[in-house]
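Right, one structure below, let's go through it.
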Amino acid sequence: MLKSPIYIKLKTLNDFARLVCSLERIPSPVYGYKYQGNNILAVPLDSFSGRSIIYYVDDFQSNENQQYLLYKISNNIEEANLVETVRDTSALYSPIINVTSPPPAFIKPSKISTTTRYTGVGLFDLLSLSKLVAFRTIYEENTIPLFIFPKNSNGQSSSREGKETRMHVLGTPMNMLDSAETNYFYYVTLDQIVDKSFLKFSIQKSGHPSFSNHIDEHGFVYLKVIQLGDPHPLVKI
């Protein structure tokens, strides 16, 4: 029996395009369909307790002639668009698979109970998180995204220069053993607003990781940062 998936909404089309295209050897195909009158782009990239985790975005304009999701970075400016053909050789393209009749179980979100959550593992700092994800990426030979979202417990905020800033969580789901039954989420908490698309750090140098909008500096490892539209439904911190 097909289990209902867990849907996680991304903040913008740029976040969605970065997730499926950026730093990937081959961009992932994505699914396009309509749900309750809204255009949806969705991609299944993970699973949890036998249910697919589907990342999606719905705040964009589309028409039936747009067949590809274009992604590129030029002069440190990120671009994501829906296009009809593959023309720009400097861009990455994800094919859009248009679905007219998705199965009901596919579009019906799962109910998430208090027991259906990752086990959180708080890390000391950004460097610890960067090293963990980078070396795991090398081991798995595919990219591991970092997800950032507002912290959802107790409405906590931080005061900086007289301004209240809501705490955010930056992390990623990861199991250190393929046979592990427990699903872990490794994370750090931040008291800053992150408006950059990547986290960069150097293995050769001891400097602290920093957020960046470009990925062309030599000597750095880059990790893509994906903004969620809301607090992560599987993370309670």
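Dipole size in debye (nearest 20) for the chain around its Cα centre, Lys and Arg Cβ +1, Asp and Glu Cβ -1?
560 debye
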Difference of contour (0.36 nm per residue) and Cα-Cα distance, Ser128 to Asn213: 28.5 nm
Amide H contacts under 5 Å for Ile226, placed H, 5+ residues apart: Leu146, Phe147, Ile148
Rounded Å value of the spacing that divides the Cα centres of the range 87-119 and the range 6-84: 8 Å
Extension gain (nm, one decimal) between Asp59 and Leu45, 0.36 nm per residue minus Cα-Cα: 3.0 nm
Too-long pairs where the Cα-Cα distance tops 27 Å, listed order kept, from Lys34/Lys151; Lys108/Lys196; Lys108/Lys224; Lys9/Lys224; Lys72/Lys236: Lys34/Lys151; Lys108/Lys196; Lys108/Lys224; Lys72/Lys236
Where Rh is the Kirkwood radius over Cα pairs, Rg/Rh for the chain: 0.96
Cα centroid of the range 218-235 to Cα centroid of the range 188-212, whole Å: 11 Å
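Give, as a single signed number, the net charge of other residues whose beta carbon lies under 11 Å from the beta carbon of Leu234, with Lys and Arg counted +1 and Asp and Glu -1. Can you show the working numbers first?
Values: positive: Arg51, Arg117, Lys236; negative: Asp46.
That sum, taken over residues with Cβ under 11 Å, equals +2.
Tally Lys and Arg at +1 and Asp and Glu at -1 over the other residues with C-beta under 15 Å from the C-beta of Lys111: what net charge comes out? Don't skip to the answer; put the middle values down first.
On the way: positive: Lys3, Arg51, Lys108, Arg117; negative: none.
It works out to a net charge of +4.
Can you tally the net charge around Asn76? Count Lys and Arg as +1, Asp and Glu as -1, for every other residue whose Cβ sits under 12 Å from the Cβ of Asn76. All intermediate terms of the calculation are to be shown ahead of the outcome.
Details: positive: Lys72, Lys196; negative: Glu78, Glu79, Asp216, Glu217.
The answer is -2.
So if each residue of separation counts as 0.36 nm, and I subtract the Cα-Cα distance between Ile26 and Ile138, what length gain in nm does that give? Don't skip to the end; give the middle numbers.
Values: separation 112, 0.36 × 112 = 40.32 nm, distance 1.61 nm.
Full extension from Ile26 to Ile138 adds 38.7 nm.
Read-outs throughout are calculated quantities, based only on the coordinates presented, and are distinct from any laboratory measurement. Nothing here was measured: the structure is a model prediction, and the numbers come from that model. Note that each Cβ is placed from the backbone with ideal geometry, even for glycine, and that neighbours are counted across all protein chains shown.
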